[in-house]
Amino acid sequence: MKKSRAVLKHMVNILAAVLLCAGAFVFTAYGLSYRSLPFIEKNLLLLLTLTSSVLGALILSYVIFYVFNKQAIYKMIFCGLIFTCISAVVFFAICATGIIKQISSIEALRDYIAKFGNMAVFLYILFSFLQVVILPVPGSVTVAAGVALFGPLKCSIYSFIGITLGSIVAFAIGRWVGEKAVRWIVGEEELKKWLSKLKGKDYLILSIMFLLPMFPDDILCFVAGLSSMTWPYFLIMIIVTRATAVIATSYSLGLIPFTEWWGILIWVLLAALIVLAFWIVCKYSSQIDYFIKNKLKIKR
């Protein structure tokens, strides 16, 4: 009886992975069939081939590691298949509705939002929110379109509202859902071991990563939910860093051009200063982290 249950469990697990893989391919293929962009139109067969190859490699890897009982690896692949399937559904939705045509460039996004008149503000805030939680659109594109549509001041306000709300939701997902998923993948003891290694520096390192433009801060919101960072600290940190980043991006796009030699020079110097600042933070992270926690009275 126990043996038959174990066999049935294995069959269900493998079948679930196969169905996720098949679902991801079907939704991706239907999304590509709309040929919403010139790139898709031109490379449709290549994209379908790559999609099937990647998904085939994923399911084959899952079966192999499942057979050899490498739990951490095959569970991680299974989570990857879930994420891939969800992404395929979202991709199909934005292709079927024609939205992908509107977000392919700053000008197209600006024109698309402007068509909604007085509702444009609410649509822009919603788009900024979704950009953090689910849409694969760089924040700089969203802000640039907002500057062209509303001007730097209003764009800063609207972007800040949407991005901050999205960051809070992403942190909540990481805190309440992500930890359970990671615990399921790597196990309780392994998770505790890695969190203990990060503990003590996660406040400072994550805060700096949010502030500097070289890191995927949207993804970091989910990561922060897995860290020891408290809700009060996250809220204060995200308000300060998001406001700084949004305002800097909104105004710098108009003040520092990419078409003039002096503008390019300034951007290069700013990039160098950012790299230098991050190096200093990494080198003296323990001292700075201790100072921050001591000032904010955070229990170490």
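The values are calculated or read from the model by the stated rules, or taken from the named source; none is laboratory data. Just so we're clear, the structure is a prediction, and the values are computed from it rather than from any experiment. Note that each Cβ is placed from the backbone with ideal geometry, even for glycine, and that neighbours are counted across all protein chains shown. Accessible surface is based on the protein model in full, side chains and every heavy atom, while ligands, DNA and RNA are left aside. Shrake-Rupley method; radii C 1.70, N 1.55, O 1.52, S 1.80 Å.
Couple of notes before you dig in:
- Scan region 27-47 for residues that are closer than 13 Å to Thr97 by Cα and surrounded by 16 or more Cβ atoms within 10 Å (Cβ to Cβ) and the total you get is 4.
- Within region 222-250, residues that are within 21 Å of Val147 (Cα to Cα) reach partners that are at pLDDT 85 or above and of a type in the set (A, V, I, L, M) with beta carbons closer than 8 Å, at six or more positions or on different chains, in the pairs Arg242/Ile163; Val246/Ile163; Ser250/Leu153.
- Whichever residue in region 116-133 is open to solvent by less than 50 Å² (accessible area, probe 1.4 Å) and over 16 Å from the mean Cα position of the chain (by Cα) and, among such residues, is farthest from Thr164 (Cα to Cα): Gly117
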